[in-house]
Amino acid sequence: MAKRYASRFLANNWVITLTATLIGVFVALYLNERVSSSKLKSQKSIATKNILAEISSNQGSLEETIDKHLELLEVMEFLGEYLDEDNNLITKPEILGKFKNKYPDVALIQDSTRLEDGYYDYEGEINLDLSFPQFNLTTIAWETLKSSGISTSYDFNCLMYLETIDKMTKEILQKNRDLLDFLTGSKDSGENNENLLKNLNLLVDYEESLLAAYESSEEELKACK
């Protein structure tokens, strides 16, 4: 009888020990999962804040750039209309006056010759500001996120948004390089400025689309936080 009770006692102790061990394992796994989940959530929050900060910085540069490109577009359209095939500026004083009031540093007039019907042939220099801040656009925060592996925990729509603005940014940077090549003569724009104007118009369209995407970043990135 004593042996049977001892056997039961040992069996009950073994069950208790096993149960306690399993409970300890499950608790450890649960706590580890909680810690990992909390750490991942913190990392995602930091990564998302970095992306939003980069977008905000890029947005400020892009707004300034769009204004400059729209000005450049207006200047190039003016020059395309009033520069003849020998690059002589031929227009009326009132037309040139309005242009110089808006862009005083572009057309530096040194002399003029009166022509027929109130037109003048103006001699001087054309000064274009080629310092465009869009070359400061960066995608460092997004590239860092992709390389870290944290992106696998992001919502699909959030990742698609980030990938889209990354692609648009790279396309804009390339089109800016093309524009600069046109303006400096590194790339032939043809016998007139038609190719340059097409490139510039397309660039402004891309920039305005990216700006719209930037402006919706807070809403789009809600799922990323």
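The values are calculated or read from the model by the stated rules, or taken from the named source; none is laboratory data. These figures come from a predicted structure and were not determined experimentally. Note that each Cβ is placed from the backbone with ideal geometry, even for glycine, and that neighbours are counted across all protein chains shown. The accessibility values were calculated without ligands, DNA or RNA, using every heavy atom of the protein model including side chains. Shrake-Rupley method; radii C 1.70, N 1.55, O 1.52, S 1.80 Å.
General remarks:
- The number of residues in segment 153-182 that are open to solvent by less than 30 Å² (accessible area, probe 1.4 Å) and not in a helix (DSSP H, G or I) comes to 1.
- Considering segment 62-98, the residues that are farther than 20 Å from L200 by Cα and in a helix (DSSP H, G or I) include one that is least open to solvent (accessible area, probe 1.4 Å), namely L96.
- Annotation: of all residues in segment 185-201 being assigned to a helix (DSSP H, G or I) and open to solvent by 80 Å² or more (accessible area, probe 1.4 Å), the one that is modelled with the highest pLDDT is K198.
- Residues of segment 116-140 satisfying the condition of being at pLDDT 80 or above, under 22 Å from K100 (Cβ atoms) and of a type in the set (D, E): D117, D121, E123, E125
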